[in-house]
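**Q** Structure incoming, see below.
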Amino acid sequence: EDKVVQSPLSLVVHEGDTVTLNCSYEVTNFRSLLWYKQEKKAPTFLFMLTSSGIEKKSGRLSSILDKKELSSILNITATQTGDSAIYLCAVRAGGSTLGRLYFGRGTQLTVWP
Amino acid sequence: NAGVTQTPKFRVLKTGQSMTLLCAQDMNHEYMYWYRQDPGMGLRLIHYSVGEGTTAKGEVPDGYNVSRLKKQNFLLGLESAAPSQTSVYFCASSNYNEQFFGPGTRLTVL
């Protein structure tokens, strides 16, 4: 039973489009939600969100957490071919699983020139 | 700092063979993790460790063993490899914030 669900699983857009990736979660004792970008190799960290309603931004990427809805979105504006990657959402829970991350299956984003 | 390193980068095994994957980190992190990644499945946690000398099972621990004898190293062992263990294996480490990932090991079991 998936604790972290991402949608869509894949997405194809053209350069310049804006995309929104979704992540919903169901974990006990939520601590934080993290976004990673994975190109051909290891995942690289994008954002960590702990507080509801506070947007994190880095260039054309932004993310926000909604604790009431148990979800987060990752927005990418003015997409470029270099944004093509798998975007992974992960949630950290507390208690006996402290430190462990639960990952979603990822969204495969393809940006065509 | 090298960050998180993994050896080997590639390996081909025959069914029934054993091997050990080594993960090393130089960031003095307490937590270390082993994941496997299969197409369309995201990252699935095999085992993890919250400190030297401790280990715990993740989502898919069967067929794997681990050891954390030194804080900086986390070893993943396959005692009798099966084709179902063909995958890309990632090691990661963290304190309490983001996890840092190694470059991965691509393992093929024939």
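All of the numbers you see were taken from the coordinates with simple rules; none came from a lab. All values reported here derive from a predicted model rather than from experimental measurement. Every residue, glycine as well, gets a Cβ built from its backbone with ideal geometry; the counts of neighbours run over all protein chains shown.
**Q** Considering only residues that are within 16 Å of B:MET41 (Cα to Cα) and among the charged types (D, E, K, R), which ones fall in segment A:1-39?
**A** Within segment A:1-39, A:GLU1, A:ASP2, A:LYS3, A:LYS37, A:GLU39 qualify.
**Q** While we're here: Take segment B:1-23 and flag every residue that is part of a loop (DSSP other than H, G, I, E, B) and hydroxyl-bearing (Ser, Thr, Tyr).
**A** B:THR15, B:SER18
**Q** For B:MET27, all conditions in the list (1) part of a strand (DSSP E or B); (2) among the hydrophobic types (A, V, I, L, M, F, W, C); (3) under 24 Å from A:LYS37 (Cα atoms) hold save one; what is the number of the exception?
**A** Against the list (1) part of a strand (DSSP E or B); (2) among the hydrophobic types (A, V, I, L, M, F, W, C); (3) under 24 Å from A:LYS37 (Cα atoms), B:MET27 comes up short only on (1).
**Q** Would you tally the residues in segment A:26-59 being β-branched (Val, Ile, Thr), over 14 Å from A:TYR87 (Cβ atoms) and within 14 Å of chain B (Cβ to nearest Cβ)?
**A** Qualifying residue count for the region: 2.
To keep it simple, each residue is scored yes or no on (1) in contact (Cβ under 8 Å) with a residue 12 or more places away in the chain; (2) surrounded by fewer than 12 Cβ atoms within 10 Å (Cβ to Cβ); (3) of a type outside the set (Val, Ile, Thr).
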{"site": "A:LEU11", "(1), (2), (3)": "yes, no, yes"}
{"site": "A:THR18", "(1), (2), (3)": "yes, yes, no"}
{"site": "A:CYS23", "(1), (2), (3)": "yes, no, yes"}
{"site": "A:TRP35", "(1), (2), (3)": "yes, no, yes"}
{"site": "A:LYS41", "(1), (2), (3)": "no, no, yes"}
{"site": "A:LYS57", "(1), (2), (3)": "no, yes, yes"}
{"site": "A:GLN80", "(1), (2), (3)": "yes, no, yes"}
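**Q** Now a separate question. Take segment B:52-105 and flag every residue that is part of a strand (DSSP E or B), away from every other protein chain (no Cβ under 14 Å), within 23 Å of A:GLN38 (Cβ to Cβ) and of a type in the set (S, T, N, Q).
**A** If the condition is that a residue be part of a strand (DSSP E or B), away from every other protein chain (no Cβ under 14 Å), within 23 Å of A:GLN38 (Cβ to Cβ) and of a type in the set (S, T, N, Q), then B:SER87 is the only one that fits.
**Q** Additional query: Could you tell me which residue of segment A:68-104 is nearest to A:PRO43 (Cα to Cα), considering only residues that are assigned to a loop (DSSP other than H, G, I, E, B) and in contact with a Gly (Cβ under 8 Å, 6 or more places away or on another chain)?
**A** For segment A:68-104, the residue satisfying everything is A:GLY104.
**Q** Run down B:THR15, B:THR54, B:THR7 and say which single residue is more than 26 Å from A:GLY94 (Cβ to Cβ) and more than 11 Å from the chain's Cα centre (by Cα).
**A** Residue meeting the stated conditions: B:THR15.
**Q** Among the candidates B:THR20, B:THR108, B:THR15, single out the residue that is in contact with a Pro (Cβ under 7 Å, 6 or more places away or on another chain) and more than 13 Å from chain A (Cβ to nearest Cβ).
**A** Just one listed residue meets the conditions, B:THR15.
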